[in-house]
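Taking it in order: structure first as structure tokens, then the write-up.
The values are calculated or read from the model by the stated rules, or taken from the named source; none is laboratory data. It should be emphasised that the depicted structure is a prediction, and the values quoted were computed from it without experimental measurement. Cβ coordinates were reconstructed from backbone atoms using ideal geometry, including for glycine residues, and neighbour counts include every protein chain displayed. Calculation scope for accessible area: heavy atoms of the full protein, side chains included, ligands and nucleic acids excluded. Shrake-Rupley method; radii C 1.70, N 1.55, O 1.52, S 1.80 Å.
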Amino acid sequence: MKLLIFILSYNAEKHIESVFNDIPPQYKNTSNAEILLIDDASKDRTVEVAREYVKREKLTNARVLKNKVNQGYGGNQKVGYRYAVNYGFDVVVMLHGDNQYTPKALPELVAPFEQNSSVGCVLGVRFGQKYSPLKGGMPLYKFVGNRILTKIQNKLAGVALSEWHTGYRAYSTKALSQVAFELNTNDFHFDTEIILQLIQSGAKFLEINIPTRYGDEICHVNGMKYAKDVVKASLKFFLQKYQLFYDARYHPGLLSDAPLDHQEASVYEEKFESISPHSLVCGEAGIVPPQSKVLDIGCSGGYVAEQLTKKFSCRVIGVDMIPPTEVKPTMLRYEQINLEQEAERLHRLILAENFDAILLLDVIEHVSFPEKFLLGLARLGYKTPPRYVCSTANVAFFVVRLMMLMGHFNYARKGILDVTHKRLFSLHTFRNLMIQTGFVVQKEHFIPFPFRTLGFSRRIAQWMERINIFLIRLAPKLFSYQILFEAVPLTTPSATLEHALSSEKEVIASQRG
């Protein structure tokens with residue numbers, strides 16, 4: 001295991017030698033570890049003192065760098081972690097140049113990574129024993145503030161960490177490379193944001209008890225501003241979990257070169273616990289007749305096809321962009337088709353199979369030019385026009401309206417303002433879209449908010465759904481979370497002309513006969 005001991009310093013001239021002195025001997029002059037000090041444009045002699053120490057003690061694995069421009073506490077960490085990732089280290093441990101966190105505990109912080117390669121982060125926490133921080137010199141107001149903030153953040157993030165505000169921590173570079181830490185703040189709440197990112201990515205956390213040590217170091221943190229910043233960051237993270245906020249820093253897919261549409265394709269989950277387009281189609285509403293032949297466009301993993309096959313003995317062919325290996329085997333057939341680039345393939349499939357029903361459940365909003373897409377489907381020369389079942393989210397839902405009234409229009413990873421949505425529709429604009437592209441809307445269904453996704457029990461969620469359904473009856477444009485239309489394509493003028501010409505030929509043939 002290759003270890004980077006990263007010391008970040010700012011005006012730490014008085015303490016820097018003691019930091020180097022306290023680093024255990026096994027990490028000095030070894031090829032398995034490097035000691036890196038990055039000074040954040042200090043105004044004192046921190047760098048000079050550090051370099052003199054390295055030269056005097058003949059440290060062969062120590063490096064001292066200095067930022068030309070002050071990057072801030074978080075910004076300096078970004079530089080160090082980027083160094084760790086780029087230069088092939090397995091683990092990076094952060095030390096403070098003021099020696100508030102003793103380097104003597106390094107073996108305890110590093111040991112979990114040596115024992116288990118799946119560990120993503122080890123936190124050196126000071127609250128292993130209830131009042132040990134006070135005995136170590138932590139001021140009472142910091143003790144109380146730490147406890148309050150940690151409790152709030154644990155609640156918002158859904159974890160149970162002993163301490164969020166320790167500056168003594170170690171990360172695996174594998175875990176770091178999977179989060180967008182370079183997008184984080186340069187301020188002191190960087191430490192909170194990177195923990196939230198690691199939680200989002202599913203990193204494994206461990207905690208090691210360390211002694212508390214307060215000396216004559218100078219604190220550069222504005223306590224009230226820091227408290228506000230960490231609570232705000234944690235609240236944003238909490239809101240994002242319920243699709244009420246979007247923050248690119250907590251979206252791991254942004255680091256991949258693959259298109260976001262493809263990444264998110266397999267994210268969509270089964271939606272049968274609440275009233276949804278999927279539960280309506282697979283329910284007893286008669287939307288899809290038994291034993292019918294169905295095309296499921298945007299089938300994802302095939303969970304709708306599975307239900308239709310099991311309940312109604314339907315024969316289902318699925319279309320999506322995800323690899324065939326991610327699709328359930330219950331479908332009659334699966335075709336991997338890009339709806340925007342391979343429309344002709346889709347059209348040939350529809351004409352060849354003569355479907356009874358074609359599903360477009362939560363698909364239209366992902367198409368760049370839905371007018372062209374639907375027009376192409378409506379103009380196909382059907383022998384018998386299939387029933388189209390189309391659904392989308394209602395951007396005029398009252399929650400979105402309230403957010404806009406307050407000046408917010410926040411995307412999310414799922415929901416109405418899913419970040420991968422390319423077009424947004426209200427009830428009025430969705431109906432117009434269908435009509436203007438050659439469809440007749442025969443039936444409309446209005447769908448309530450999926451309260452189960454907010455963590456409510458089934459009983460409470462059902463009670464709230466009933467209230468939502470009552471409100472939908474009063475004002476569907478305002479209270480519908482989603483809209484589902486049953487529609488059929490109009491007979492086109494071309495098809496009518498073709499039928500007339502065929503009839504004429506039949507009449508002429510009969511007269512000749």
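Rounded to 0.05, the FRET efficiency of the residue 118 and residue 354 pair, given R0 = 56 Å and the Cβ-Cβ distance, is 0.60. Of 368, 391, the residue with the largest accessible area leads and the full order is 368, 391 (1.4 Å probe).
Net charge of the neighbourhood of residue 314, taken over other residues with C-beta under 12 Å away and scored Lys/Arg +1, Asp/Glu -1, is +1.
Accessible area ranking (1.4 Å probe, heavy atoms, ligands and nucleic acids excluded), largest first, for 458, 466: 466, 458. Accessible surface computed residue by residue for the chain, with neighbouring protein chains in place and a 1.4 Å probe, gives 49 Å² per residue.
Computed extension length for residue 151-residue 224: 24.6 nm, one decimal, from 0.36 nm per residue of separation with the Cα-Cα distance subtracted.
What does the C-alpha gyration tensor say about the overall shape of the stretch 412-454? Classify as rounded when a/c is under 1.5, otherwise prolate if a/b is larger than b/c, or oblate. In terms of gyration-tensor shape, oblate. Let me know the whole percent of all Cα-Cα pairs from the stretch 1-158 that are separated by more than 18 Å. For the stretch 1-158, the fraction of Cα-Cα distances above 18 Å is 64 percent.
Ligands, DNA and RNA excluded, the heavy atoms of residue 422 present near 90 Å² of accessible surface to a 1.4 Å solvent probe. Put 392, 384, 429 in order of accessible area, highest first, and with a 1.4 Å probe you get 384, 429, 392. Only DSSP H runs of four or more residues enter the estimate; each adds -39500 (n - 2.57), and after division by the residues of the chain the mean residue ellipticity at 222 nm equals -11500 deg cm²/dmol. Got a number for carbon plus sulfur as a percent of the stretch 41-161's accessible area, 1.4 Å probe? Here carbon and sulfur together make up 53 percent of the probe-accessible area.
Each residue of the stretch 57-67 was assigned a 3J(HN,Hα) from its phi angle through the Karplus expression (A = 6.51, B = -1.76, C = 1.60, θ = phi - 60°), giving 8, 6, 7, 8, 10, 10, 9, 10, 10, 9, 6 Hz with x at Gly and Pro. Residues in the stretch 155-168 carry Karplus couplings, in order, of 5, 6, 8, x, 10, 9, 6, 6, 7, 8, 10, 7, x, 10 Hz; the curve used is 6.51 cos²θ - 1.76 cosθ + 1.60 with θ = phi - 60°, and Gly or Pro positions show x. Sequentially through the stretch 137-142, phi angles give Karplus couplings (6.51, -1.76, 1.60; θ = phi - 60°) of x, 5, x, 4, 5, 6 Hz, Gly and Pro residues having no value and appearing as x. Under 5 Å between amide hydrogens, built in the peptide plane, is the criterion, and for residue 95 it picks out 6, 7, 8 among residues at least 5 positions away or on other chains. Given a 1.4 Å probe and the protein chains as shown, residue 179 ends up with an accessible area of around 10 Å².
Of all DSSP beta bridges confined to the chain, the antiparallel ones make up roughly 30%.
Here semi-axes √(5λ) of the Cα gyration tensor in Å was computed from the coordinates, and among [x] 60, 25, 19; [y] 40, 31, 24; [z] 42, 25, 21 the match is [x]. Within the straight-line cut-off of under 20 Å between alpha carbons, the lysines reachable from residue 328 are 271, 293, 310, 311, sequence neighbours fewer than 8 places apart in one chain being disregarded.
Partner lysines whose Cα lies under 23 Å from the Cα of residue 14, excluding those fewer than 8 positions away in the same chain, are identified as 28, 43, 55, 58, 66, 68, 104. In whole angstrom, the stretch 39-108 maps to an equivalent ellipsoid with semi-axes of 18, 18, 14, each derived as √(5λ) from the alpha carbon gyration tensor and ordered largest first. Along each principal axis, taking the top coordinate minus the bottom one, the Cα set of the stretch 439-485 gives 39, 19, 14 Å in descending order. When you filter the chymotrypsin sites (Phe, Trp or Tyr not before Pro) in the stretch 453-493 for DSSP loop state and at most 12 other Cβ atoms inside 10 Å of their Cβ, nothing is left.
Potential lengthening of the chain between residue 442 and residue 111 amounts to 112.6 nm, from the contour at 0.36 nm per residue minus the alpha-carbon distance. Each Lys and Arg Cβ is given +1 and each Asp and Glu Cβ -1; about its Cα centre, the stretch 395-480 then shows a dipole of about 160 debye.
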